[in-house]
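The structure appears right after this line, and notes come after that.
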Amino acid sequence: MSGPLPAGEPFLASYLRVLRGIDSLPDLVELFPTLEQKVLAAPSTLSEHERRQLLDLADAQDEVANLQQVSSRARAELLSSVLSSPEILTDDEIELVKNRFWSPPTLNEVQQIFNGSLNRIQDFVDRIFAVREAVYLPNESRAFTLASIEFTRREKQRRDEKQSKLGGPNPPAIPAWMNSLSQRFSEEKMLKTWGYIALLDSEAQTMSADRRDLFMSKTQAIFTQTMLNNGARSKLLNKTWKISFINAPSTVSASLEPNADNSELRDAFRTLLDPNKEYNAPQGPDPRSPHDILQKRKGYLSNTFLVINKTCIDSVLASPGYSDDMRILAFEADFPQPGRTYVEGYQGWTWVRLEQLVDAFYGARMDEELGMDEIWKAAERSKNEVFASLDAEEAGIWTTSTSMTGPLPGSILGKRRRRAP
């Protein structure tokens, strides 16, 4: 592949040179084919400034200033030490090499870099990386990689030592519902999965394919991070977890107005559960028919389904991407049931914090020990009235955790890990 790159190429847009105003994205996109041709013809013809533009390195004078702030070693010596004896380097020196001699990125820059990696177009990224690999100095790229590994190792060691002093080993306590679910998988051979059917309402279906794919990628990143920290992964439940995104009928959208019955959404969900009924809706993210998708995976919750609307999508894709702000609509499938009395004000649905879909919310709906109306009532204690926990103290917790930071020590999952026996 050759020729121009797209005007808003996501990977180049996440370069620190662009984010910090050293290069403009339009200029860098326009310049890339010229630099590419120079590298393919003779890499040595590339100037040092052009090399730094391609590799997203700071300008030489800025790099020297950053280096002098943390080390008396020369650049080459620092890179060599990372390769041969990283233990002699200070934490600041390791971090500087990890950051490719940039000053530490801000939280907003980290989020934009993360978004660039999620939103990248693989063909163009492959092309950019092929050119970059040709212009690294000997062992330069490897030193950057090893410094990142060493930095992560030291951070983990410090975190483990701190948690040990607080009296807690790292592994989280396994909640009873996870043990029960794990037991079911060992006993019920027809059980293939656990998770949800998620209907994209008519408004959500109008988003671009790129935005939809980014939404799905970020939700999966949060689910993966949560299961790593809540015990699900230790029970291998991450291997059988599944959420299937399916389009609702094209005229159906979620109404959160008082007394709205949302019966069309519930009818659509019940149709999906019945293989003898025809499901009429636009093709969703998965090209297979909805019935074909669901028949191959037995185990989705049948008493609860999710609905994705514009608010859900915006909450997940918002910058800087705080996990505790991400929310999804959960609907009770059989609401209202004749003769049953519900908590006053309950309309058959509740907002749920994204991470809770694979945590306490799932356990409550799987066991059906609590009605959805009681879960809705518990959500009133949390920010934005989004369900976070049945525990009154935990429900009030909100932190700036992101998919990059993982659960911070003060978050619900962070506190549980510290309390784990």
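Odds and ends about this structure:
- Residues of region 142-154 satisfying the condition of being of a type outside the set (K, R) and touching a Leu at 6+ places or on another chain (Cβ under 9 Å): A143, F144, L146, A147, E150
- Count of residues meeting criterion [more than 16 Å from G195 (Cα to Cα), in a helix (DSSP H, G or I) and over 13 Å from the mean Cα position of the chain (by Cα)] in region 292-326: 5
- Single unsatisfied condition, A7 versus (1) of a type outside the set (D, E, K, R); (2) assigned to a helix (DSSP H, G or I); (3) over 25 Å from K98 (Cα atoms): (2)
- Residue under evaluation E264, criteria (1) in contact with a strand residue (DSSP E or B) (Cβ under 9 Å, 6 or more places away or on another chain); (2) part of a helix (DSSP H, G or I); (3) more than 28 Å from Q111 (Cα to Cα), criterion not met: (1)
- Applying the condition of being modelled with pLDDT of 85 or more and in contact with a Leu (Cβ under 9 Å, 6 or more places away or on another chain) to region 192-216 and asking which residue is surrounded by the most Cβ atoms within 10 Å (Cβ to Cβ) yields L199.
- When residues of region 304-361 are limited to those that are surrounded by fewer than 18 Cβ atoms within 10 Å (Cβ to Cβ) and among the β-branched types (V, I, T), the one nearest to V252 (Cα to Cα): T311
- Only one of the numbered conditions (1) closer than 30 Å to E9 by Cβ; (2) part of a strand (DSSP E or B) is not met by F215, and that is (2).
- Considered as a group, the residues in region 370-389 that are over 24 Å from the mean Cα position of the chain (by Cα) and not acidic (D, E) include one that is surrounded by the most Cβ atoms within 10 Å (Cβ to Cβ), and that residue is M372.
- Here region 236-276 is the region considered, the condition is being within 24 Å of Q337 (Cβ to Cβ) and of a type in the set (D, E, K, R), and the residue that is surrounded by the most Cβ atoms within 10 Å (Cβ to Cβ) is R266.
- When region 342-363 is filtered for residues that are out of contact with any Phe, Trp or Tyr (no Cβ under 6 Å at 6 or more places or on another chain) and either in contact (Cβ under 8 Å) with a residue 40 or more places away in the chain or not assigned by TED's automatic domain parsing to the domain that holds E264 (or both), the ones remaining, listed by number, are Q347, L354, E355, L357, D359, A360, Y362.
- The residues of region 375-402 that are in a helix (DSSP H, G or I) and within 24 Å of Q347 (Cβ to Cβ), listed by number, are I375, W376, K377, A378, A379, K383, N384, E385, A392, A395.
To keep it simple, each residue is scored yes or no on (1) part of a loop (DSSP other than H, G, I, E, B); (2) modelled with pLDDT of 90 or more; (3) more than 22 Å from M207 (Cβ to Cβ).
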site: P249; (1), (2), (3): yes, yes, no
site: S253; (1), (2), (3): yes, no, no
site: N259; (1), (2), (3): yes, no, yes
site: F269; (1), (2), (3): no, yes, no
site: K277; (1), (2), (3): yes, no, yes
site: A281; (1), (2), (3): yes, no, no
site: P285; (1), (2), (3): yes, no, no
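- Of M366, M326, M372, all but one fail to be under 18 Å from N259 (Cβ atoms), hydrophobic (A, V, I, L, M, F, W, C) and assigned by TED's automatic domain parsing to the domain that holds F223; the exception is M372.
- From the list S244, S208, the one residue that fits, being among the hydroxyl-bearing types (S, T, Y) and touching a strand residue (DSSP E or B) at 6+ places or on another chain (Cβ under 6 Å), is S244.
- Test: residue in region 391-403 that is of a type outside the set (S, T, Y) and closer than 26 Å to S244 by Cα: no
- Residue check for T400: without any contact (Cβ under 8 Å) to a residue 24 or more places away in the chain, farther than 24 Å from G195 by Cβ and among the β-branched types (V, I, T): no
- Yes/no for I88 being among the β-branched types (V, I, T), closer than 30 Å to S323 by Cα and in contact with a helix residue (DSSP H, G or I) (Cβ under 9 Å, 6 or more places away or on another chain): no
- Candidate set from region 29-57 (those that are charged (D, E, K, R) and part of a helix (DSSP H, G or I)); member that is farthest from V135 (Cα to Cα): E30
- Taking each residue of region 36-57 that is at positive phi and surrounded by 12 or more Cβ atoms within 10 Å (Cβ to Cβ) and looking for partners that are modelled with pLDDT of 95 or more and in a helix (DSSP H, G or I) with beta-carbon atoms closer than 9 Å, six or more apart or interchain, yields D56/L16; D56/R17; D56/V18.
- Elements of type helices (runs of 4 or more DSSP H) in region 58-120, at least 2 residues being of a type in the set (S, T, Y): 75-84
- Restricting region 121-149 to residues that are outside any helix (DSSP H, G or I) and modelled with pLDDT of 85 or more, the residue that is surrounded by the most Cβ atoms within 10 Å (Cβ to Cβ): V135
- Of everything listed in (1) within 32 Å of the chain's Cα centre (by Cα); (2) in contact (Cβ under 8 Å) with a residue 24 or more places away in the chain; (3) buried (at least 18 other Cβ atoms within 10 Å of the Cβ), the single unmet condition for I22 is (3).
The values are calculated or read from the model by the stated rules, or taken from the named source; none is laboratory data. All figures in this text were calculated on a predicted structure; none of them were measured in a lab. Here Cβ is always computed from backbone atoms with ideal geometry, including for glycine, and neighbour counts include all displayed protein chains.
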